[in-house]
Amino acid sequence: MTQTHPDYQLSQLDQLEAESIHIFREVAAEFEKPVLMFSGGKDSIVMLRLAEKAFYPAKIPFPVLQVDTGYDFPEVLATRDSWVSRLGVRLVVASVEEAIAKGIVVDDGKTSRNRLQIGTLLNAIEEEGFTAAFGGGRRDEEKARAKERVYSHRDEFGQWDPKMQRPELWSLYNGRIHGGEHMRIFPLSNWTELDIWHYLGQEQIEIPSIYFSHQRRVFERDGMLLSESEHNPCRPGETVEERTVRFRTVGDLTLTGCVESSASTIDEIIDEIAVATLTERGATRGDDRFSEAAMEDRKKEGYF
């Protein structure tokens, strides 16, 4: 005999999953040409899993877009290729290197590859004609992201005006856009870092190995542990040493720090971040430390 839950209530994860799946289906029905922005990190992988569920048994009806800085972790690229191969989705790679070569963005030797992603992404969206782009931003990550709605309007220049956002009363979304404009969509807006990890464990989802504890050659800079790399030479006074670390977020390896940790399983990671006092971006993303408004400034220009 089938057992029914006595109070007919969905769990918190089930509710979050249902809301996100609803958003994916709404966008697929409303917009002519959506795309899923994919970094290879835990949040974008959860988005892929949710999109897979939203349209199963059919294939995901839109491509995946990755902005390749040229400084991505090899483990992340390997996981990306594994997911794309299994799901059979079209992968669009927007290369920062190619954008520099074509004069789309300018490498002045001072601007980070992470910031150069902005022009590279906007060019890819324009060239492909995407009208909606799913992003993995969550409100708990950073205060600028806490300002953003589920449907985030971008003008014909790809820019975001936080004062001109549309109301979303009763989870009703306004997706009207003019020619040249597009909408950023954030299905994980109401998720937290802990929710993401609980879901990864529940679904037994494949993620890059660098999220788990491992030995790595690192050096300290600006209070962060950065990976030794040809793209990230040490400065005078910096010393490389091997430590037991893991990453809480992934991105440009020249700006993405790791944390000392012995957490080698999802349960251990959940125990670790449950008592953390800093978000993953605040603790390990150098590009968010340039100023108090660093993330908001980049988002206004067209960042994820």
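The values are calculated or read from the model by the stated rules, or taken from the named source; none is laboratory data. Remember, predicted model here, so these are calculated numbers, not experimental data. Using ideal geometry, Cβ is built from the backbone for each residue, glycine included, and neighbour counts are taken over all protein chains shown. When the accessible area is computed, the model is the full protein with side chains, heavy atoms only, and any ligands, DNA or RNA have been set aside. Shrake-Rupley method; radii C 1.70, N 1.55, O 1.52, S 1.80 Å.
Things to note:
- Stretchable slack from Thr239 to Lys59, in nm (0.36 nm times residue separation minus alpha-carbon distance): 60.0 nm
- The residues neighbouring Thr265, those whose beta-carbon lies less than 12 Å from its own, together hold a net charge of -3 under the Lys/Arg +1, Asp/Glu -1 convention.
- Label-to-label distance, nm, for residues given as Glu156 and Ser85 (7 Å Cα→Cβ offset): 4.4
- For the chain, a/c is not less than 1.5, where a ≥ b ≥ c are the root eigenvalues of the C-alpha gyration tensor, and a/b does not top b/c. That puts it in the oblate class.
- Distance-filtered residues of region 247-278 - backbone nitrogen under 20 Å, label point 7 angstrom along Ser95 Cα→Cβ: 251-254
- Checking every one of the GluC sites (Glu not before Pro) in region 164-194 against DSSP loop status and a limit of 14 other Cβ atoms within 10 Å picks out Glu168, Glu181.
- Highest mean packing comes first when the peptides 208-217, 230-239, 34-43 are listed by Cβ atoms within 10 Å, giving 34-43, 208-217, 230-239.
- Cα-based Lys pair tally, the chain, threshold under 27 Å, eight or more apart or on separate chains: 28
- Distance histogram in 5 Å bins (all Cα pairs of region 1-135, percent per bin): 2, 9, 17, 18, 17, 13, 9, 6, 3, 2, 1, 1, 0, 0
- Accessible-area composition of region 166-249, carbon plus sulfur, in percent [1.4 Å probe]: 47
- Taking all protein chains into account, the per residue accessible area for the chain stands at 48 Å² (1.4 Å probe).
- Our estimate of slack between Lys143 and Ile270, defined as 0.36 nm per intervening residue step minus the Cα-Cα distance, is 43.5 nm.
- If you run the Gaussian network model on the chain, springs between alpha carbon atoms under 10 Å, then out of Ala18, Ala58, Ala99 the most flexible one is Ala58.
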